[in-house]
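Engineer: Please find one structure pasted underneath; my questions will follow.
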């Protein structure tokens, strides 16, 4: 059984600020998931730099 946390993440796509939650085991996995999602939507390099994990919730 995997113990997952929910991470709140702030990021930008094409200059528009977004907030979302990600279920992941740790911060690194959460960032990787959001980066993959951002690439899929066509985010720029400056958008990638804006990615921040704000908080975590769970065990």
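Engineer: Report the extension gain between residue 14 and residue 56 in nm, rounded to one decimal, defined as 0.36 nm multiplied by the number of residues separating them, less their alpha carbon distance. Can you show the working numbers first?
Structural biologist: On the way: separation 42, 0.36 × 42 = 15.12 nm, distance 2.54 nm.
Taking 0.36 nm per residue and subtracting the Cα distance, the gain is 12.6 nm.
Engineer: For every helix of n ≥ 4 consecutive DSSP H residues, a contribution of -39,500 (n - 2.57) applies; sum these over the chain, divide by its total residues, and give [θ] at 222 nm rounded to the nearest 500 deg cm²/dmol.
Structural biologist: It comes out at -9500 deg cm²/dmol, rounded to the nearest 500.
Engineer: In whole percent, what relative contact order does the chain give with Cα contacts below 8 Å and a gap of six or more residues? Mind dumping the intermediate values first?
Structural biologist: Values: 96 pairs, mean separation 28.7, N = 59.
Relative contact order comes out at 49 percent.
Engineer: With label points built 7 Å along Cα→Cβ from the Cα atoms of residue 27 and residue 3, find their separation and express it in nm.
Structural biologist: 1.8
Engineer: Fewest to most neighbouring Cβ within 10 Å: what's the order for 41, 3? Mind dumping the intermediate values first?
Structural biologist: On the way: 41 10, 3 7.
By the 10 Å Cβ count, ascending, the order reads 3, 41.
Engineer: Then there's this: What base-10 log of the normalised intensity I(q)/I(0) is obtained for region 5-57 from the Debye formula, alpha carbons as equal point scatterers, at q = 0.27, 0.29, 0.30 Å⁻¹?
Structural biologist: Each listed q corresponds, in turn, to -1.03, -1.15, -1.20.
Engineer: Where does helix 27-40 land angle-wise versus the long Cα axis of the chain, in degrees 0 to 90, nearest 10?
Structural biologist: So the inclination is approximately 40 degrees.
Every number in this text was worked out from the coordinates using simple rules, so none of it is lab data. Only a predicted model underlies this, so the values are computations on that prediction, with no experimental measurement involved. Note: ideal-geometry Cβ built from the backbone for every residue, glycine included; neighbour counts use all protein chains shown.
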